[in-house]
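Beneath this line is the structure, given in C-alpha cells, with notes to follow.
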C-alpha cells in the first residue's frame, strides 16, 4: 500500500485489532463502519486464511467523522471508490466481502456466529446501541467485540454502558485509547462478578469526561487550550 488510508484508527488501535483478528482462527470477522479501509486492511491482513472478513458500510457519506452526520451521495461514492482502491493497493480485495448497506439492514447478509465483531459505525446513541445489541448477539461465547470511540463519544459510551455494563452478556477486557474490548460470556456472571465488571467500566468515566472537554474546546475554536490541558500534540480530535 503506497499510503495509509484516511481514517481515525491509531497505530495502537491497529495493533489490538490485529492481535484479536489473528486469534479469531477460521471464524467470521465482521466490521461495522469501514470508511476508506484503514481498519479493514488491518483485519484482512491479520485474519487466518480460512477466516471470513465482512466489511459493512453503506458509504452514504453520513456518519463518517466528527460533525458529518448527514448523507451526501457524492461524498459517499468518493469514500467507496477510495475504499475499493485502498483494498486493492493493499492486496486484500479477495479477502474481504463488502456489504454496502446500513448495518441495521445487513443482518441477513451475514451468517453467525461471529468470532470477532468490530464496531465503528454511527456514533449516535440509538444506532450505536443497535449495533452493539443486535450484532453483538451474533458473537459466539468466547468471541470478542471491539468498539471504537468507547469512553470518548457520548453516544457510543452511553450505548456501551446500557448494553454491556448494565447487562451480563459481556466481560470488559480493557481498552487501548478509545478502542474498548469485550469478551462474550457463555453464561451470566454472578452478581458480584457483574458488579466488579460494571465498576471497571464506570472507572473509565473520568477519561471520558476529559475527552468530551477536549471536543468542546476544539469545536469552540480553543484547540491550543485543549493541547495545554492534555490533548496530545498533533492530535486534532481525541481517539
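The values are calculated or read from the model by the stated rules, or taken from the named source; none is laboratory data. Bear in mind that the values here come from a model prediction, so they are computed numbers and not experimental data. A quick note on method: Cβ atoms are made from the backbone with ideal geometry, for glycine too, and the neighbour counts reach across all protein chains shown.
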* Asked: Of all residues in the range 11-41, how many are in contact (Cβ under 8 Å) with a residue 60 or more places away in the chain, within 12 Å of the chain's Cα centre (by Cα) and on the phi < 0 side of the Ramachandran plot?
  -> 8
* Asked: For the range 118-137, which residues satisfy the criterion of being in contact with a strand residue (DSSP E or B) (Cβ under 7 Å, 6 or more places away or on another chain) and touching a residue at least 40 places away in the same chain (Cβ under 8 Å)?
  -> 118, 119, 120, 121, 131, 135, 136
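Pick out the one residue from 180, 173 that is in contact with a helix residue (DSSP H, G or I) (Cβ under 9 Å, 6 or more places away or on another chain), modelled with pLDDT of 95 or more and under 16 Å from residue 145 (Cβ atoms).
Testing whether each residue is in contact with a helix residue (DSSP H, G or I) (Cβ under 9 Å, 6 or more places away or on another chain), modelled with pLDDT of 95 or more and under 16 Å from residue 145 (Cβ atoms) leaves just 180.
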* **Within the range 201-224, tally of residues that are surrounded by 14 or more Cβ atoms within 10 Å (Cβ to Cβ), free of Cβ contacts under 8 Å to residues at least 40 places away in the same chain and assigned to a helix (DSSP H, G or I)** => 6
* Structure fact -> Just one listed residue, out of 61, 112, 76, 50, is touching a residue at least 60 places away in the same chain (Cβ under 8 Å) and out of contact with any strand residue (DSSP E or B) (no Cβ under 7 Å at 6 or more places or on another chain), and it is 112
